Amino acid sequence: MKIQFTETVLRDAQQSLIATRMPFEKFSPILEKLNKAGYYSLECWGGATFDSCLRYLNEDPWERLRKIKKACPDTKLQMLLRGQNLLGYKHYPDDVVRLFVRKSVENGIDVIRIFDALNDLRNIKVAVDETLKAGAIASGTICYTTSPVHTLEMFVKLAKELEAMGVQTICIKDMAGIMSPKEAYDLVKAIKESVKLPLVLHTHSTTGLGFMTLLKAVEAGADIIDTAISSFSGGTSQPATETMAYTLRQYGYDVDLDDRLLMEINKFFKDYRGECLDSKLLNPVVMGTATDALNYQIPGGMLSNLVAQLTAQKKLDKLDEVLAETPRVRKDLGYPPLVTPMSQMVGVQATQNVLLGERYKNISKEVRSYIKGEYGKAPGEIDKDLMKKVLGDEQPVTCRFADTLSDGIPAAREYLGDRATCDEDVLSYIAFPQQAEAFFDRRDELKKRTFTYSIKKI
Ligand code: CO
């Protein structure tokens, strides 16, 4: 049986280790080898890459994508998309989602991994539909979490619904690296027994479970795994590509990766890792193993946020109480997966409940919107009293939230006028208004300077 690999170094690995600060110029010399190494796909766009290009790297994210595509014509390029939220945390109207997907495919994306933080599939159906229409591969994604309502049956039901939507692969996304080898084995087996599609597993090495989890997932029938080239693997990143290839071959699986090229790719990124360590962009701590997430059953990033919040308020002595309150808040909210932005919302609410000495004395705007149904449907039941407290006589939103939004493209086009040179600019603006405008300003400034210079030359 053949096991395929998605290389994450250009997206999740660098997002997890160096806050997505790898400029195109840094990795462009190695693209030709990445293209030839035999990967199923290269994850290289979406997630935080788009924002980081505009905000920190002064790069046009669309142009980055086109340049990667030009250098990598033989390997599928992959992106991560938050369904109706695109790359952010709010819902966009359908016309925006459709144009964003269409333009992503036109500019070079072959595989779009589409998820919703609550696993509310209504929030991914438009993105999936447009991906299929644009002729790309839609990877329908299930966010993995543990709770009394997240049973094997519930996950299998989600997988079947994704299959019915027409996605070509199903991805299980363990964003916090908390999925154990046993859980992976049981879940992959259950899904593979119920759907015919290829199954992808995405995890992180944070808690040290990653390699074991991938191996057991493959034993249970997973077809594609996410890994990072070894010098950018481990810790908050993915398990190492070369290590998994070596192990799987010994068990008799076919792995199409070219080991000689992997060595060269690794050498390249090892040098860059050295630079990142020297400049302190890479903190070696994030490459280690952190098991706190297993003890507290909350993601490592969320735990460090809680500690930072309490430290800032000089209330670190309340940490134990907040850690006990966190699962209670999560239960009251119907067990949302603890992925951004839910992890922050639950953490802040738990902290407030403890520090104010009264539960839900203060309820944040975001938690209110969530309870009103503006993020989608909660996986479980939201506490009745809490619902009443927030809603009063108001009715919750029960439809797909995007159905309440009117078109977004025409207004953005009109606002930008000729500052937008193409539809891609309009989409950059809609996704990250301030960062995109600042980027357009710098770009215009640069054009003016070039123009003055060439006149003088004549
Ligand atoms: Co990830």
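The values are calculated or read from the model by the stated rules, or taken from the named source; none is laboratory data. Not measured: the values here are computed from a predicted model. Virtual Cβ from ideal backbone geometry, glycine too; neighbours counted across all protein chains shown.
Computed quantities for the displayed model
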read-out	value
Which listed residue is over 22 Å from A412 (Cβ atoms), in contact with a strand residue (DSSP E or B) (Cβ under 9 Å, 6 or more places away or on another chain), not in a loop (DSSP other than H, G, I, E, B) and not β-branched (V, I, T), from A127, A117, A138	A138
Breaking point among (1) under 30 Å from R328 (Cβ atoms); (2) assigned to a strand (DSSP E or B), for T213	(2)
T169 outside the structural domain of P341 (by TED's automatic domain parsing), more than 14 Å from V339 (Cβ to Cβ), in contact (Cβ under 8 Å) with a residue 12 or more places away in the chain and not hydrophobic (A, V, I, L, M, F, W, C)	yes
Any hit, the range 304-327, residues being in the same structural domain as Q349 (by TED's automatic domain parsing), within 30 Å of K384 (Cα to Cα), touching an Asp or Glu at 6+ places or on another chain (Cβ under 6 Å) and hydrophobic (A, V, I, L, M, F, W, C)	no
Hey, S147 assigned to a helix (DSSP H, G or I) and either of a type outside the set (V, I, T) or assigned by TED's automatic domain parsing to the domain that holds G300 (or both) or not	no
Evaluation of T241 against (1) closer than 27 Å to N295 by Cβ; (2) buried (at least 21 other Cβ atoms within 10 Å of the Cβ); (3) within 16 Å of the ligand (Cβ to nearest atom) (one fails), failing number	(1)
Entirely in the range 1-62, the helices (runs of 4 or more DSSP H) that have 3 or more residues that are away from the ligand (no atom under 15 Å from the Cβ) and touching a Leu at 6+ places or on another chain (Cβ under 8 Å)	31-36
Residue count for the range 193-210, restricted to those that are within 11 Å of the ligand (Cβ to nearest atom) and assigned to a loop (DSSP other than H, G, I, E, B)	4
Identity of the residue in the range 49-77, more than 16 Å from the chain's Cα centre (by Cα) and hydroxyl-bearing (S, T, Y), that ends up surrounded by the most Cβ atoms within 10 Å (Cβ to Cβ)	T75
Test: residue in the range 398-406 that is β-branched (V, I, T) and either at pLDDT below 95 or within 26 Å of the chain's Cα centre (by Cα) (or both)	yes
Pairs where the first residue, in the range 39-54, is in the same structural domain as K69 (by TED's automatic domain parsing) and the second is part of a strand (DSSP E or B) and hydroxyl-bearing (S, T, Y), C-beta under 6 Å, 6+ apart	Y40/T6; S41/T6; E43/T6
Any pair with Cβ under 7 angstrom, 6 or more apart, that starts in the range 347-375 at a residue that is in contact (Cβ under 8 Å) with a residue 60 or more places away in the chain and ends at one that is part of a helix (DSSP H, G or I)	E374/F401; Y375/S369
Output for the range 174-192, where each listed residue is of a type outside the set (A, V, I, L, M) and within 16 Å of the ligand (Cβ to nearest atom)	D174, G177
Residues (crowded, with 24+ Cβ neighbours inside 10 Å and either within 11 Å of A48 (Cα to Cα) or at pLDDT 95 or above (or both)) located in the range 6-33	T6, E7, T8, V9, L10, R11, D12, A13, Q14, S16, M22
Residue in the range 144-161 that is within 16 Å of the ligand (Cβ to nearest atom) and within 19 Å of the chain's Cα centre (by Cα) present	yes
Flag if V126 is out of contact with any His (no Cβ under 6 Å at 6 or more places or on another chain) and within 18 Å of L405 (Cβ to Cβ)	yes
Any pair with Cβ under 6 angstrom, 6 or more apart, that starts in the range 130-149 at a residue that is free of Cβ contacts under 8 Å to residues at least 12 places away in the same chain and ends at one that is buried (at least 22 other Cβ atoms within 10 Å of the Cβ)	none
Residue within the range 256-264 that is touching a helix residue (DSSP H, G or I) at 6+ places or on another chain (Cβ under 8 Å) and buried (at least 19 other Cβ atoms within 10 Å of the Cβ) present	yes
Some residue of the range 88-103 being without any contact (Cβ under 8 Å) to a residue 60 or more places away in the chain, farther than 24 Å from A412 by Cα and away from the ligand (no atom under 16 Å from the Cβ)	no
Test: residue in the range 311-330 that is in a helix (DSSP H, G or I) and in contact (Cβ under 8 Å) with a residue 60 or more places away in the chain	yes
Scan of the range 78-87 for residues that are within 11 Å of the chain's Cα centre (by Cα), away from the ligand (no atom under 14 Å from the Cβ) and not in a loop (DSSP other than H, G, I, E, B), ordered by number	G83
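Residue by residue, here is whether (1) buried (at least 24 other Cβ atoms within 10 Å of the Cβ); (2) at pLDDT below 95 holds:
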residue	(1), (2)
Y89	no, yes
N107	no, no
D110	no, no
D120	no, no
V126	no, no
K133	no, no
A138	yes, no
